[in-house]
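See structure below.
Where a number appears in this text, it was derived from the coordinates with a stated rule and is not lab data. Computed from a predicted structure; not experimentally measured. Cβ sites come from the backbone with ideal geometry, for glycine too, and all protein chains shown count toward neighbours.
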Amino acid sequence: MPRYGMLINIDRCNGCYACYLACRDEFESNDHLPYSAAQPAEGRSWMRVTEKERGSTPKVRVDYVATPCLHCANAPCVDKSVDGAVYRRPDGIVLIDPEKSKGNRNILSDCPHRLIYWNEEKNIPQKCTFCAHLLDMGWKEPRCVEACPAGAVVFGDLDDPASGISKLIASSKTEELNPDFGLNPNVRYVDLPKRFILGEVVLGDKKGDCAPGIRVQLGDGAETIECRTDSFGDFEFDGLKPSRKYTLRVVHKGYATVEKPVVTNSDVNVGVIELDPLG
Amino acid sequence: MTEQVLTSCTNEGPILVYVQDGKVVRIRPLLADENDFKPWTIEAGGKLYTPPKRFNLAPFVHAERKRLYSDDRLKYPLKRKGFDPKNKRNQEKRGVSGYERISWDEALEIVSGEITRIREQYGGPAITGLTSSHHNWGIVGYKMGPFQRFMDMLEYTPVFDNPDSWEGWHWGATHTWGFFWRLGMPEQYDLLQDALKNTEMIVLWSNDPDSTRAIYSGQDSVLWRQWLKDKNVKFVVLDPFFNYTAAHMDATWLPLRPDSGAAVAQAIAYTWITENTYDKDYVSKRTLGFEEFRNHILGNDDGKPKTPEWAAEESGIPARKIRTLAREWASKRTVLSAGTRGGEGSASRQAYATEWARMMILLQAMQGLGKPGVAIWGTTMGCPSNTSISFPGYADPDSRMGMSRAADHPIVNPTKQRLYRLTLPEAILNPPIDWWGEGFCGQSLDQQFIHHVYPREGYPEVKMFYRYGSSFLATMVDTSKWVRMYQSPKLEFVVNQDCWWGGETGFADIILPACTNLERDDLAEAAAAGGYSIHGSNGNNFRVVVRMKKCIEPLWESKSDYDIFTAISEKLGMKDKYTDGGKTDLDWAKAFYAISDLPKLINWEDFDRKGYFIINADEPYKPTPALRWFYEGRPCDTPDPLNKKRGTGLGDELSTYSGKIEFQSQSLLKNFPDDEERPPIPHHILSWEGYRSELYKKYPLQLVSPHPRFSFHTHYDKHTPWLNEIPGHRVMKDGYAWWPAHVHPSDAAARGIKNDDIIKLYNDRGAVLCIAAITERVLPGIVHSYASSANYDPLEPGKANSIDRGGCVNLLTSSRMLSKHAPGMAPGSCLIEIVKWEE
């Protein structure tokens, strides 16, 4: 018996929404009973894509986080379900019964990620089914996975060490969305956006040139990490924790060291740090 | 329940169509038998690169069935109320009048009656017509097929298309490096391999290949750019907008103002010259006119050295970044990606854009264009591909039913009069007009210098306009003039034939409902335009010819274009002539198949049953990288069939007058030596509507309107509501799907505009309502809003200067051409102001 899961790589994703639209194509006005009733025409895909823009001109980062249902092993929607309205298959796929769930709006709030959507027309809650009906017919992957041109969404049997997804998981640093929810999801991520601090260093007496190779340090009181500016004088620290107090320090021989406190309440573009020559 | 799975092909990828009980229920990327794929492999840096056995569609293709059954489909023939060909026509009411349903009989009666009357009264050339730039895929049904054969049969006045997507390349780059048979675009052969093996940095200049996809290639090249990123190729992007490719590639973004590209390019050249970091050997052997160019760059002629400091003032890019870009570019093997096909890009559709396009070539010439790793490459084409097996692309003569060898009786139109798409409204409203060149000047450099006048001596003015499609209000320039044109009494009769109700549909007297390619039989190779972009299917990992099946019967009362023209021809007593002796669309499909190389590989029955045929790259594959032959000073070895020098004693030459890359263009020197707007040496010329214009005081925002990401030149927009759920495409507010305009937070704050406010973009030419998308992805002073809205929705229908709330930002753009002898459109030089819209 397989245990189905997905691995979504945010760095690979190019934000094309093919996954979003393939899900619409499969389900809008198409019943796939008993697993799912049709998505409404005025509605949305069950593969939600959220654009995250961070930084400020000219140092901007844009990422897309695609979230199908996470088909959690500790799914509150299953645990709280009455009369089996929300249930889990032996292969781990979580489904909402379109008959039993009729009128039950409360199911929406059972998902802390809000990945269950209300179908006003049919008066039922709905969500991603991992295209269970297609898997049953022998398809090897859901529509969203098939549509992705970037290989950013991978699907397969988490319990088979030889499967593509298992091999990827073994060689990647995988993460959960909101690990503090404790849901043990079967959909995991690689390279979820983290906090960054970035900027540029310019030498005050050489403003006509960029300043490559300048040491920039970031300390949080406990440890210090370091990087060097690139050929355009730009530097970036990524993978940082939110709401942390850091001290940014730029050191270059012959120039006054600059120290700057930075707090990661959001992603930070410190702008241009100008180093004054000594003497 | 009966289910059929049928094959078809779209403008951006081949598909499978699932039909249950006569209804299309699912669209999927084409699935082919594993064994039919023989993937190529590129070896680079000790790694093997090979594509997976699959097809990658452009995102909106997944929404094809929604578009097929759209409420916007034209269902029945319609006649405009108040139009009576026997009595009053009320032309001035076009755009306001309602419509009433009529029968096909009545519609055909009126259309054929008007054609007959006009031919008798004025002559065939009094009829004109044109399609949009792009039609639905399939060579039997493509615009250059049935429409062209029919119109030529009537001896109509043809309309030259302007090279709308790449003007500066067509009117400028050709005079630098030739390639006129590619309309100024470069060959792209085997540049993927070259980049994987040799390239260290890619400069994307006015290019968002992740969104523009070589026009037809779907998303196969997403993987290629990922390969390059994974091997730490550095990406640098010059664009007023932090585009989708920049975001995906984590590129260094150098934002710049429109109209400043040539200046930045000159400053890069200045850095190379003064720091001695360019390929002197290449310049001396492969180019002409460098000394004059050098003088201009150093300011020896005009007292203005083109320093990075000077270019910083023009562009908004800090001088240190320009200088560093130049140094990085010179010290690394660098690809310049200046448009989705090597060249193209919004920067090529601005004032004096010829100068930017020429500078792009000259910069790479200074670094040894053609040297391993040093190319002009869109990053979307040039994977290993078979070029010996031929199948006609839509623009090849052999796929056009009017002139193909597949036709027993081709049709030749004797009419010499021409119109030019860009100035068609002016030609109707205020003749006479004149222009240079023949639109797509693919025959020679000199074809650009042919002068045309309308009306042509001995010919009538046009009285009838047959329009297929409805895109121009959002794809041409200063587009309210199209409204005025339609309302002109000069146009006695207007027909619109289309699948969907679009921007221009409501200006016709008779509307004829056409069906989509899913409702008729056809065939085509994916991404193969042929013609002036031959071998374009090397933008796809696998060449595939698709038998495009008729999946369902034409919906409502729609008919295929071919059947519509056949029906009209029958009324005119020309049915046999039009149908080439009674061919059906399936007969044509078989005939096109027969003249291709496909019969050598698969018989019709198997091809018809299977639905596709994959043409794999040769094994072993012998790459011939674009322009490597030129760099190495040997005869052209790329399979570029329309390069006339190839295979001759001049095979090592480019197709400029001198055979070399021309810093000083000999063709311009000979034909327009005193043209200050397109001089023999490229100049940075201040835009006639830019940052330094007088008008900037009144309209201090520059509008950039590139090609959209989530629709295709008005195709799919409006008729496909799922796309309105994608914020990058349209944003729903109060029940309306608004077109976004990207505005910098500082510009928004200064005007009291918040995210999701409805705002009016306006200038002296028009006003458009959009929804504000406040973002750091644009420079302050820039408003970015895509062209190509399919929804023209005037608040005051019928009034040419009405505010449009559909998002047709092209209403704001200027009619002024690139320059006085370069008749290209320049929507990218457009000054506007914005204000929060209070109803």
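When the expected Rg is taken as 2.2 N^0.38 Å, what fraction or multiple of it is the alpha-carbon Rg of the stretch B:273-394? Intermediate results must be reported in sequence, preceding the final value.
Details: Rg = 16.8 Å, N = 122, 2.2 N^0.38 = 13.7 Å.
Normalised Cα radius of gyration, the stretch B:273-394: 1.23.
Could you state, as a whole-number percent, how many of the C-alpha pairs of the stretch B:1-62 are farther apart than 19 Å?
On the way: 899 of 1891 pairs.
Summing the P(r) tail past 19 Å for the stretch B:1-62 gives 48 percent.
Kirkwood-based Rg over Rh for the stretch B:706-839 (C-alpha set), two decimals?
On the way: Rg = 14.6 Å, Rh = 15.2 Å.
Rounded to two decimals, Rg/Rh equals 0.96.
Taking every DSSP beta bridge that has both residues in the stretch B:442-564, what percent is antiparallel when rounded to the nearest 5?
Numbers: 5 of 15 bridges.
Bridges in the stretch B:442-564 are about 35 percent antiparallel.
Name the aspartates and glutamates eligible as straight-distance cross-link partners of B:Lys53: C-alpha to C-alpha under 13 Å, and not fewer than 8 places from it in the same chain.
List returned: A:Glu146, B:Asp33, B:Glu34, B:Asp36, B:Asp220.
Distance check, please: which entries in B:Lys697/B:Lys820; B:Lys143/B:Lys371; A:Lys260/B:Lys754 exceed 29 angstrom between their Cα atoms? Write out the running numbers ahead of the final one.
Working: B:Lys697/B:Lys820 25 Å; B:Lys143/B:Lys371 40 Å; A:Lys260/B:Lys754 31 Å.
Flagged as over cut-off: B:Lys143/B:Lys371; A:Lys260/B:Lys754.
Could you list log10 I(q)/I(0) for the stretch B:394-442 at q = 0.14, 0.22 Å⁻¹, which the Debye formula gives when each Cα is one point scatterer?
Log10 of I(q)/I(0), two decimals: -0.54, -0.88.
So what's the stretch A:133-279 giving for Rg/Rh, alpha carbon basis, Kirkwood Rh from the mean inverse pair distance? Write down the numbers at each step before the final one.
Numbers: Rg = 21.9 Å, Rh = 18.8 Å.
Dividing the radius of gyration by the Kirkwood radius yields 1.17.
Looking at the protein assembly as shown only, what percent of DSSP beta bridges run antiparallel? Nearest 5 please.
Values: 104 of 157 bridges.
Of those bridges, close to 65 percent are antiparallel.
As a test of the definition: which semi-axes, in Å, follow for the stretch B:69-192 when you take the square root of five times each eigenvalue of its alpha carbon gyration tensor? Largest first, please. Walk me through the numbers on the way to the answer.
Values: eigenvalues 289, 74, 47 Å².
Rounded to whole Å, the semi-axes are 38, 19, 15.
Quick check: net charge around B:Val412, other residues with Cβ under 15 Å of its Cβ, Lys/Arg +1 and Asp/Glu -1? All intermediate terms of the calculation are to be shown ahead of the outcome.
On the way: positive: B:Arg149, B:Arg400, B:Arg405, B:Lys416, B:Lys577; negative: B:Asp152, B:Glu155, B:Asp408, B:Asp580.
Net of charged neighbours comes to +1.
Stick to the Cα atoms of the stretch B:404-530, pair each with every other, and give me the Kirkwood hydrodynamic radius in Å at one decimal.
On the way: mean 1/r = 0.0582 Å⁻¹.
The answer is 17.2 Å.
Convex hull over the alpha-carbon atoms of chain B: what's its volume per residue in Å³? Each step should come with its number before you reach the end.
Numbers: hull volume 129.3 nm³, N = 839.
It comes to 154 Å³ per residue, whole-number rounded.
Give the calculated FRET efficiency between B:Leu429 and B:Glu457 to the nearest 0.05, with a Förster radius of 22 Å applied to their Cβ-Cβ distance.
On the way: r = 21 Å, r/R0 = 0.93.
Efficiency, rounded to the nearest 0.05: 0.60.
Over the stretch B:161-202, how many percent of alpha carbon pairs lie in each 5 Å bin up to the one with the longest distance?
Whole-percent P(r) values from 0 Å outward: 6, 23, 20, 15, 16, 17, 4, 1.
Just check the stretch B:660-714 against the gyration tensor rule for me: Cα atoms, a ≥ b ≥ c as the square roots of the eigenvalues, rounded for a/c under 1.5, and otherwise prolate or oblate depending on whether a/b exceeds b/c.
Details: a/c = 3.55, a/b = 1.47, b/c = 2.41.
Oblate shape, in that a/c is at least 1.5 and b/c is the bigger or equal ratio.
Taking N as the number of residues in the stretch B:630-680, what value does Rg over Cα atoms divided by 2.2 N^0.38 Å take? If you can, show how the numbers build up before the last one.
Details: Rg = 13.3 Å, N = 51, 2.2 N^0.38 = 9.8 Å.
The value comes to 1.36.
Just to compare against my own numbers: the Cα pair-distance distribution for the stretch B:630-744, 10 Å bins, whole % per bin, please.
Taking every Cα pair in the stretch B:630-744, the percentages come to 11, 20, 17, 23, 22, 8, 1.
Which aspartates and glutamates have a Cα less than 17 Å from the Cα of A:Lys245, not counting those fewer than 8 places away in the same chain?
Here the aspartates and glutamates satisfying the reach criterion relative to A:Lys245 are A:Asp220, A:Glu223, A:Glu226, A:Glu236, A:Glu259, A:Asp267.
Quick check: residue separation of B:Leu48 and B:Asn603 times 0.36 nm, minus the Cα distance between them. What number comes out in nm? Display every interim value, and only then the final one.
On the way: separation 555, 0.36 × 555 = 199.80 nm, distance 3.47 nm.
Length gained, B:Leu48 through B:Asn603: 196.3 nm.
What's the Kirkwood radius of the stretch B:462-504 in Å, using all Cα pairs? Could the numbers behind the result be given before it?
Details: mean 1/r = 0.0915 Å⁻¹.
Answer for the stretch B:462-504: a Kirkwood hydrodynamic radius of 10.9 Å.
Note down, for chain A, the three equivalent ellipsoid semi-axes (square root of 5 times each alpha carbon gyration tensor eigenvalue), biggest first, whole angstrom. Provide the component values of the computation, followed by the final result.
Values: eigenvalues 429, 65, 61 Å².
They are 46, 18, 17 Å, listed from largest to smallest.
Return, for the Cα atoms of the protein assembly as shown, the radius of gyration and Dmax in Å, separated by a comma.
Computed over the Cα atoms of the protein assembly as shown, radius of gyration and Dmax are 29.3, 95 Å.
For the stretch A:184-265, take the alpha-carbon Rg, divide it by the Kirkwood Rh, and send me Rg/Rh.
Working: Rg = 15.2 Å, Rh = 14.1 Å.
With Rh from the inverse mean 1/r over Cα pairs, Rg/Rh is 1.08.
Mind checking the alpha-carbon convex hull of the stretch A:234-279 and giving the volume per residue in Å³?
On the way: hull volume 3.4 nm³, N = 46.
In the stretch A:234-279, the Cα hull volume divided by residue count equals 74 Å³.
Over 16 Å, how big is the tail of the calculated P(r) for the stretch A:77-118, in percent of all Cα pairs? The partial results should precede the final answer.
On the way: 232 of 861 pairs.
Summing the P(r) of the stretch A:77-118 above 16 Å gives 27 percent of all pairs.
Pairs of lysines 8 or more apart, or on different chains, with alpha carbons under 27 Å: count those in the stretch A:59-174, would you?
Lysine pair count for the stretch A:59-174: 12.
Based on alpha-carbon positions alone, could you give the equivalent ellipsoid semi-axes of the stretch B:572-669 from the gyration tensor, as √(5λ), descending, whole Å? Don't skip to the end; give the middle numbers.
Working: eigenvalues 340, 116, 19 Å².
They are 41, 24, 10 Å, listed from largest to smallest.
Antiparallel DSSP bridges in chain B: what percent, to the nearest 5?
Working: 59 of 101 bridges.
The antiparallel proportion sits near 60 percent.
Given a Förster radius of 30 Å and the C-beta distance between B:Glu313 and A:Asn265 as r, what FRET efficiency does 1/(1 + (r/R0)^6) yield to the nearest 0.05?
Working: r = 36 Å, r/R0 = 1.21.
That pair, B:Glu313 with A:Asn265, gives E of 0.25.
Excluding A:Tyr17 itself, calculate the net charge of residues whose Cβ lies under 15 Å from the Cβ of A:Tyr17, where each Lys or Arg counts +1 and each Asp or Glu counts -1. Provide the component values of the computation, followed by the final result.
Working: positive: A:Arg12, A:Arg24, A:Arg44, A:Arg48, A:Lys52, A:Arg143, B:Lys66, B:Arg213, B:Arg709, B:Arg730; negative: A:Asp25, A:Glu26, A:Glu28, A:Glu51, A:Asp63, A:Glu146, B:Glu12, B:Glu64, B:Asp210, B:Asp717, B:Glu725.
Counting the neighbours of A:Tyr17, the net charge comes to -1.
So between A:Glu120 and A:Lys102, what do we pick up on full extension, going 0.36 nm a residue minus the alpha carbon distance? List each step's numbers first, then the result.
Numbers: separation 18, 0.36 × 18 = 6.48 nm, distance 1.07 nm.
Contour length minus the Cα-Cα distance gives 5.4 nm.
Between A:Arg228 and A:Lys207, 0.36 nm times their residue separation minus their Cα-Cα distance comes to what? If you can, show how the numbers build up before the last one.
Working: separation 21, 0.36 × 21 = 7.56 nm, distance 1.82 nm.
Full-extension gain reported as 5.7 nm.
Provide the net charge surrounding B:Arg213, with neighbours chosen by a C-beta distance below 11 Å and charges set as Lys +1, Arg +1, Asp -1, Glu -1. Before the final figure, lay out each step's value.
Working: positive: B:Arg341, B:Arg709; negative: B:Glu12, B:Asp208, B:Asp210, B:Asp220.
It works out to a net charge of -2.
Given a cut-off of 25 Å, what percent of all Cα-Cα pairs of the stretch B:348-459 lie beyond it? Display every interim value, and only then the final one.
Working: 3271 of 6216 pairs.
Pairs farther apart than 25 Å: 53 percent.
Spit out the partnerless Cys residues in chain A, using Cβ distances under 4.7 Å as the pairing rule.
Within chain A, the cysteines lacking a partner Cβ under 4.7 Å are A:Cys13, A:Cys16, A:Cys23, A:Cys72, A:Cys77, A:Cys111, A:Cys131, A:Cys148, A:Cys210, A:Cys227.
Would you work out the Kirkwood radius for the stretch A:1-151? I mean one over the mean of 1/r across all pairs of different Cα atoms, in Å. Don't skip to the answer; put the middle values down first.
On the way: mean 1/r = 0.0619 Å⁻¹.
After inverting the mean inverse Cα-Cα distance, the result is 16.2 Å.
Hull surface divided by four, with the convex hull built on the Cα atoms of the stretch B:127-229: how many nm²?
Values: hull surface 35.1 nm².
With the hull built on Cα positions only, its mean projection is 8.8 nm².
Mind listing the Cα extents of the stretch A:104-182 along all three principal axes, in Å, largest one first?
Extents along the principal axes, in whole Å: 41, 35, 24.
Between B:Lys577 and B:Glu838, what is the label-point separation in nm under the 7 Å Cα-to-beta-carbon projection?
With each label placed 7 Å out from Cα toward Cβ, I get 6.4 nm.
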